[in-house]
Amino acid sequence: MRSRLLDILAALDTVYSGWIWWNLFLAFIPLVLSFVLFRKGAIAQRWLWWACGAVGFIGVLGFVPRYRHYIEAGKGWVRAALAGDGIALLALLALGTLSLIAIGAGAWLLQQPPALRKRLQPMFWWIGFVTYVAFLPNAPYLLTDIIHLIRGTSSGVVETWIVALVFIPLHVVAILMGFEAYVLSLLNQNYFLKQQGWALWILPAELAMHGLNAIGIYLGRFIRFNSWDLVADPSSVVVITLNTLTERRPLFVIFVTFVILTIFYWIMKQITLGLKLRLHYARHGLDVMGTDL
């Protein structure tokens, strides 16, 4: 039994190296933000803090196996900046400046009276919304991580029983959790639009988000951009995105991704709303099978 467990752990370390936890962490960030931005009060404050703690813990689990990669990447940026690379230097300066601004603004805000903090809420809401849009592609991005399953099954170093009993269920659960985070985020967004009296904009907003996320998934999977590249190297993100949108092959891939997101989202949306209705019936002691449809 012990040897079997060691085989599984070795296979996971060989193929995944913590990517599942890290990608789920990135997928859950916009979900938490959607509750803060669009459905404030839907979750009790203490439970929201517990959720933030759980997401942070998942991030730590995903970061630990990858920290050397990020350290090497950081060293690469520093070496490039010292060698005279203007883009690397600007990226480091931007990250450093924004970090100092965030720390200073947070410390300053904590010292201000509640009335001033209330007046500044709209500005912070928009900052949160931009962050939400930037990180949202990470949720449906897990669909593309099927490549890790292909790598695990085709490498020849992982036993078939591990692929069947561990890798496939692991992938199914990770993909479903990531995509469900995407669905719930958009449902919270829809709730906000309805509360604001903008119900007619729900469908256009959903389609717009599918389009933006299709572009984000392409940039993440093929160009290897991350959400924080919007801050670290915004000029490259803008230039490469514009170039991507003018080339035929990337446009085709983005269109196919858009169609897949739209279909999968509609299916998962119906399932999610159906489960919510079932819970509603259960709480009120109603028999869903005895209800007229």
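The values are calculated or read from the model by the stated rules, or taken from the named source; none is laboratory data. This structure is a prediction, so every number in the text was calculated from the model and none was measured. Heads up, the Cβs are rebuilt from the backbone with ideal geometry, glycines too, and the neighbour counts pull from every protein chain shown.
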Qualifying positions in the stretch 241-264 - in a loop (DSSP other than H, G, I, E, B) and under 26 Å from Ile202 (Cβ atoms): Leu245
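Across the stretch 37-71, what is the number of residues that are of a type in the set (D, E, K, R) and in contact (Cβ under 8 Å) with a residue 24 or more places away in the chain?
Taking the stretch 37-71 and keeping what is of a type in the set (D, E, K, R), we get 39-40, 46, 66, 68.
Within this subset, residues satisfying the condition of being in contact (Cβ under 8 Å) with a residue 24 or more places away in the chain are 39, 66.
Total satisfying the criteria: 2.
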Pair list, Cβ < 7 Å and 6+ apart or interchain, from the stretch 137-155 residues that are assigned to a helix (DSSP H, G or I) to residues that are among the hydroxyl-bearing types (Ser, Thr, Tyr) and modelled with pLDDT of 70 or more: Pro140/Tyr182
Single unsatisfied condition, Ser99 versus (1) polar (S, T, N, Q); (2) within 26 Å of Ser236 (Cα to Cα); (3) at pLDDT 70 or above: (3)
